[in-house]
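The values are calculated or read from the model by the stated rules, or taken from the named source; none is laboratory data. What you see is a predicted model, and the numbers here were worked out from it, not measured in a lab. Cβ sites come from the backbone with ideal geometry, for glycine too, and all protein chains shown count toward neighbours. Heads up: the accessible areas ignore ligands, DNA and RNA and are worked out on the full protein's heavy atoms, side chains in. Shrake-Rupley method; radii C 1.70, N 1.55, O 1.52, S 1.80 Å.
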Amino acid sequence: MKRRDKILENATWLFAHKGYKDTSTAELAKLIGVAEGTVFYHFKTKEALFLAVLEGLKTQLITQFEGYFQEARFEDGLAMALGAVSFYLYLAGIMETEMLLLHRHFPFELAQTNPVCRENLEDIYNSLADIFERAVARGQADGSIDTALEARKAGLILFTLADGLVRFKTYNLYDAGALYNTLMDSCRRLLTVRHAVPAENS
């Protein structure tokens with residue numbers, strides 16, 4: 001592993017588990033066995049290091065989803081949307097540290113004063129929302145998903161439901177696995193129900 005990548009990997013763990021303020025470049029350097037100056041050689045400031053971590057997280061998430069969609073075969077858009085929900089939950093299992101980082105408060109706090117941080121966070125969430133929206137749009141085109149739904153909003157709701165369950169898992173608040181079948185059934189109902197048109201008053 002290249003030294004820069006090793007710095008990013010260990011910085012991700014420290015930021016996720018200790019937070020931004022309590023993570024020091026000196027501790028990071030000691031953890032990976034290099035001089036602190038080596039960290040600053042690759043990343044000029046701790047803030048720049050954290051921004052690079054966010055950028056790497058976005059790339060990792062999108063790459064994982066692209067690989068999944070390239071290999072998976074879906075009968076229709078509904079199956080693709082449900083597959084996206086299921087795969088996001090799978091990612092939460094193999095990317096626990098990254099998900100913990102994404103669910104911490106300090107990145108959003110930093111985003112209030114740092115436009116680059118805000119842009120990175122928006123890119124991450126918009127990219128994920130785009131994935132779910134694309135599946136909904138495909139389902140509406142092939143008739144497997146209710147066309148009365150607005151694709152973007154439906155995609156955002158799907159992502160919110162999946163990410164909410166991941167938060168339960170991240171913070172060990174509830175056995176997320178026990179809710180999996182209910183979540184998938186709820187998503188299916190959301191996407192396929194045909195909304196009745198209210199009768200006009202006579």
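Out of Leu156, Leu173, report the one residue that is modelled with pLDDT of 95 or more, closer than 21 Å to Ser86 by Cα, open to solvent by 60 Å² or more (accessible area, probe 1.4 Å) and among the hydrophobic types (A, V, I, L, M, F, W, C).
Result: Leu156 is the single residue among Leu156, Leu173 that is modelled with pLDDT of 95 or more, closer than 21 Å to Ser86 by Cα, open to solvent by 60 Å² or more (accessible area, probe 1.4 Å) and among the hydrophobic types (A, V, I, L, M, F, W, C).
Check off (1) crowded, with 18+ Cβ neighbours inside 10 Å; (2) aromatic (Phe, Trp, Tyr); (3) out of contact with any helix residue (DSSP H, G or I) (no Cβ under 6 Å at 6 or more places or on another chain) for Tyr41 and give me the number that stays unchecked.
Going through the list (1) crowded, with 18+ Cβ neighbours inside 10 Å; (2) aromatic (Phe, Trp, Tyr); (3) out of contact with any helix residue (DSSP H, G or I) (no Cβ under 6 Å at 6 or more places or on another chain), Tyr41 breaks only (1).
Looking at Glu47, Glu27, Glu98, Glu36, can you tell me which residue is among the charged types (D, E, K, R), in contact (Cβ under 8 Å) with a residue 12 or more places away in the chain and touching a helix residue (DSSP H, G or I) at 6+ places or on another chain (Cβ under 6 Å)?
None of the others qualify; the one that does is Glu98.
Tally the residues that are farther than 23 Å from Thr170 by Cα and either aliphatic (A, V, I, L, M) or not in a helix (DSSP H, G or I) (or both), restricting the search to the range 1-27.
So the first thing to find is which residues in the range 1-27 are farther than 23 Å from Thr170 by Cα, and the list is 1-7, 24-27.
From what's left, either aliphatic (A, V, I, L, M) or not in a helix (DSSP H, G or I) (or both): 1-2, 7, 24, 26.
Here the count works out to 5.
Within the range 89-108, identify whether any single residue is open to solvent by 60 Å² or more (accessible area, probe 1.4 Å) and over 29 Å from Lys6 (Cβ atoms), and answer yes or no.
no
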